[in-house]
Amino acid sequence: MLSNKVSKALNTQIELEASSSQYYLAMASWAETQGLNGISQFLYGHADEERMHMLKLIKFVNERGGHGQVPALKQPPVTFKSVKSVFEEILKHEIKVTNEINNLVEITLKEKDYTTHNFLQWYVSEQIEEEALARQIVDKLKLIGDDRGGLYFFDRDLENLAAVDKAPAEKGK
Ligand code: FEO
């Protein structure tokens, strides 16, 4: 059985994962309108992954006698300055998510909730991967700079990555 404190903290995380999904979905839709099909496919996939992160939390909370609540969400931005700014935002956002997961882990230790602590280890590893990928992409975009040809190839690269990434989207199920 979850303590009130852990249950509340997990529900806050549910909201963060849901808003991450909406945020990346808005980025995907914007990229698609810019003709950046590879980037948009990658971002649509990323939005799906965040939804899966949310769902996994909802199910866990319910299994442990709590109630995973579906949150109301603020509308994310509609347009974005550039592809580089999109991925810089993703990196910033993922660092924030990592910090929140770490806070959650700390709460479970204080509450001596070792089951939830164990469950959260999946998120701890996932955040290492997500941050590393976002950092790698931002570094690539820095190299490309204003080169339109470079952006064209980057878009194709992300299309391939989105195809390979379909498997990880399934991995938490
Ligand atoms: Fe679910 Fe990207 O954090």
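The values are calculated or read from the model by the stated rules, or taken from the named source; none is laboratory data. Bear in mind that the values here come from a model prediction, so they are computed numbers and not experimental data. As a convention, Cβ positions derive from the backbone with ideal geometry for all residues, glycine included, and neighbour counts pool all protein chains shown.
When the range 29-66 is examined, which residues are found to be under 16 Å from F80 (Cβ atoms), under 13 Å from the mean Cα position of the chain (by Cα) and more than 11 Å from the ligand (Cβ to nearest atom)?
F42, L43, Y44, listed by residue number.
Under 6 Å between Cβ atoms, which residue pairs at least 6 apart in sequence (or on different chains) link something in the range 1-30 that is without any contact (Cβ under 8 Å) to a residue 24 or more places away in the chain with a partner that is more than 15 Å from the ligand (Cβ to nearest atom) and assigned to a helix (DSSP H, G or I)?
Cβ pairs passing all conditions: A28/S40.
Given the conditions (1) acidic (D, E); (2) within 19 Å of T116 (Cβ to Cβ); (3) in contact with a Ser or Thr (Cβ under 7 Å, 6 or more places away or on another chain), and given that E50 satisfies all but one, which numbered condition is not satisfied?
So E50 meets the others, but not (2).
Pairs needed: first member in the range 139-168, closer than 15 Å to F42 by Cα; second member anywhere, hydroxyl-bearing (S, T, Y) and part of a helix (DSSP H, G or I); C-beta distance under 8 Å; at least 6 residues apart or different chains.
Filtered contacts from the range 139-168: A162/Y44.
So for the range 3-10 (the condition being of a type in the set (D, E, K, R), more than 19 Å from K92 (Cα to Cα) and either in a helix (DSSP H, G or I) or touching a Ser or Thr at 6+ places or on another chain (Cβ under 9 Å) (or both)), does at least one residue qualify? Working first, answer last.
Initial filter on the range 3-10 (of a type in the set (D, E, K, R)): 5, 8.
Now narrow it down to the ones that are more than 19 Å from K92 (Cα to Cα): 5, 8.
From the residues that got through so far, the ones that are either in a helix (DSSP H, G or I) or touching a Ser or Thr at 6+ places or on another chain (Cβ under 9 Å) (or both) too are 5, 8.
Within the range 3-10, one or more residues are of a type in the set (D, E, K, R), more than 19 Å from K92 (Cα to Cα) and either in a helix (DSSP H, G or I) or touching a Ser or Thr at 6+ places or on another chain (Cβ under 9 Å) (or both).
Given the criteria crowded, with 19+ Cβ neighbours inside 10 Å, over 28 Å from T115 (Cα atoms) and aromatic (F, W, Y), does Y44 qualify? Spell out the reasoning first.
Values: crowded, with 19+ Cβ neighbours inside 10 Å: no; over 28 Å from T115 (Cα atoms): yes; aromatic (F, W, Y): yes.
So Y44 does not fit the description; no.
Quick check on Q69: is it in contact with an Asp or Glu (Cβ under 9 Å, 6 or more places away or on another chain) and either away from the ligand (no atom under 16 Å from the Cβ) or within 19 Å of D165 (Cβ to Cβ) (or both)? Walk me through how you get there before you give the answer.
Numbers: in contact with an Asp or Glu (Cβ under 9 Å, 6 or more places away or on another chain): yes; either away from the ligand (no atom under 16 Å from the Cβ) or within 19 Å of D165 (Cβ to Cβ) (or both): yes.
When the stated conditions are applied, Q69 passes them.
Please state which one of K92, K84, K112, K74 is within 18 Å of M27 (Cα to Cα), at pLDDT 95 or above, of a type in the set (K, R) and not in a helix (DSSP H, G or I).
Details: K92 fails: not in a helix (DSSP H, G or I); K84 fails: not in a helix (DSSP H, G or I); K112 fails: within 18 Å of M27 (Cα to Cα).
Matching residue, one of K92, K84, K112, K74: K74.
Of all residues in the range 13-28, which are away from the ligand (no atom under 13 Å from the Cβ) and polar (S, T, N, Q)?
none
Per-residue answers, yes or no, for (1) of a type in the set (A, V, I, L, M, F, W, C); (2) farther than 28 Å from R64 by Cα; (3) surrounded by fewer than 12 Cβ atoms within 10 Å (Cβ to Cβ):
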site: V105; (1), (2), (3): yes, no, no
site: D113; (1), (2), (3): no, no, no
site: H117; (1), (2), (3): no, no, no
site: L120; (1), (2), (3): yes, no, no
site: G150; (1), (2), (3): no, yes, no
site: N160; (1), (2), (3): no, yes, no
